[in-house]
1. Looking for whichever is over 18 Å from the mean Cα position of the chain (by Cα) and either at pLDDT 95 or above or within 13 Å of the ligand (Cβ to nearest atom) (or both) here; the options are ARG21, ARG123, ARG37. Which one fits?
2. List every residue pair whose Cβ atoms sit under 7 Å apart, with the two residues 6 or more apart in sequence or on different chains, where the first one lies in the stretch 89-104 and is among the aromatic types (Phe, Trp, Tyr) and the second, anywhere, is away from the ligand (no atom under 13 Å from the Cβ).
3. Would you please name the residue that is surrounded by the fewest Cβ atoms within 10 Å (Cβ to Cβ), looking only at residues in the stretch 71-103 that are more than 15 Å from PHE149 (Cβ to Cβ) and either among the hydrophobic types (A, V, I, L, M, F, W, C) or modelled with pLDDT under 95 (or both)?
4. Suppose we keep only residues that are closer than 25 Å to LEU108 by Cβ and in contact with a strand residue (DSSP E or B) (Cβ under 9 Å, 6 or more places away or on another chain) within the stretch 151-180. Which one would you say is surrounded by the most Cβ atoms within 10 Å (Cβ to Cβ)?
5. Is it true that ALA113 is assigned by TED's automatic domain parsing to the domain that holds HIS25, among the aliphatic types (A, V, I, L, M) and more than 6 Å from the ligand (Cβ to nearest atom)?
6. Might you check whether a residue that is assigned to a loop (DSSP other than H, G, I, E, B), in contact (Cβ under 8 Å) with a residue 40 or more places away in the chain, within 16 Å of the ligand (Cβ to nearest atom) and within 19 Å of GLY34 (Cα to Cα) occurs anywhere in the stretch 154-170?
7. Taking only the stretch 131-150 into account, find how many residues are within 11 Å of the ligand (Cβ to nearest atom) and exposed (fewer than 11 other Cβ atoms within 10 Å of the Cβ).
8. Please name all residue pairs, on different chains or six or more residues apart, with Cβ atoms under 9 Å, provided the first residue is in the stretch 7-22 and is without any contact (Cβ under 8 Å) to a residue 60 or more places away in the chain and the second residue is among the small types (Gly, Ala, Ser).
Amino acid sequence: MQGEPAVVVCRLGHRPGRDDRMTTHVGLTARALGADRVFLPTDATGSADTVRDITDRFGGPFEVEVGSPISELREWDGTIAHLTMYGEPVQRVAGEVRETYAGGDPLLVAVGAEKVPFEVYERADWNVAVTNQPHSEVAGLAVFLDRLFEGRELDRERADADRVVVPQESGKRVEQRDGNAGANPGGTNAEDAGTPDGG
Ligand code: SAM
């Protein structure tokens, strides 16, 4: 987050077609929950475009980079947390990750898609499990970032947003940056907010 060391989420692997939605959601979750940048594989350009589009409309700062994730990981000058069901419990290692991060080291958070090369387990400073049960990179990433930032990410302000969602007890309200507001209690999410999957 701004004023803190960089946190970059690195998506290892992407199966075009099968992983499109999941890779997009890794990027959206990274952005929403306080990371500064997401690094996506070259064959995930559709996901990259979607995350950039959401950042343009709902605000930043947040960067999307496309390239070779394994090269990014090898060349990373900072610490690495690799999320895997085989790692150490997040509740046991989060304190150490936070201390190191507070010391000023940028952090790369690696999440997989298919089988992750063993090199990643060895290169990581922490192999972190969000429970030792198999689930999803999006769920693992969300819990990890929240433990890292201890909830500060939930109050993060966005800069240069075209539209802002105004919290409602009931119904939906989206305010345009020019001050126009729209209340669409019966409308679809996509009409209100223009998110890629209507969410
Ligand atoms: N066997 C894989 C593994 O190493 O966790 C599961 C593959 S899963 C479909 C894709 C990614 O989800 C994994 O590479 C990992 O980053 C993340 N993931 C799944 N379960 C997780 C858990 N319990 N804790 C942390 N990350 C998890």
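1. From the options ARG21, ARG123, ARG37, the qualifying one is ARG123.
2. Matching pairs, first to second residue: TYR101/PRO5; TYR101/LEU107; TYR101/LEU148.
3. Residues of the stretch 71-103 more than 15 Å from PHE149 (Cβ to Cβ): 71-80, 82-89, 91-93, 96, 103.
So of that shortlist, the ones also either among the hydrophobic types (A, V, I, L, M, F, W, C) or modelled with pLDDT under 95 (or both) come out as 73, 76, 80, 83, 85, 93.
Numbers: LEU73: 20, TRP76: 17, ILE80: 18, LEU83: 24, MET85: 15, VAL93: 19.
Result: MET85.
4. Just the residues of the stretch 151-180 that are closer than 25 Å to LEU108 by Cβ, to begin with: 151-159.
After this cut, where a residue has to be in contact with a strand residue (DSSP E or B) (Cβ under 9 Å, 6 or more places away or on another chain) as well, the list is 158-159.
Working: ARG158: 14, ALA159: 9.
Here the residue is ARG158.
5. Details: assigned by TED's automatic domain parsing to the domain that holds HIS25: yes; among the aliphatic types (A, V, I, L, M): yes; more than 6 Å from the ligand (Cβ to nearest atom): no.
No: the conditions fail for ALA113.
6. Scanning the stretch 154-170, I find no residue that is assigned to a loop (DSSP other than H, G, I, E, B), in contact (Cβ under 8 Å) with a residue 40 or more places away in the chain, within 16 Å of the ligand (Cβ to nearest atom) and within 19 Å of GLY34 (Cα to Cα), so the answer is no.
7. At the first step, the residues of the stretch 131-150 found to be within 11 Å of the ligand (Cβ to nearest atom) are 131-144.
When the remaining residues are screened for being exposed (fewer than 11 other Cβ atoms within 10 Å of the Cβ), the result is 133-134.
Selection size over the stretch 131-150: 2.
8. Sorted first by the residue in the stretch 7-22, then by its partner, the pairs are PRO16/ALA44; PRO16/GLY46; ARG18/ALA113; ASP20/ALA44; ASP20/GLY46; ASP20/SER47.
The values are calculated or read from the model by the stated rules, or taken from the named source; none is laboratory data. Everything quoted here is computed from the prediction, not taken from an experiment. Positions of Cβ are backbone-derived with ideal geometry, glycine not excepted, and every protein chain shown enters the neighbour counts.
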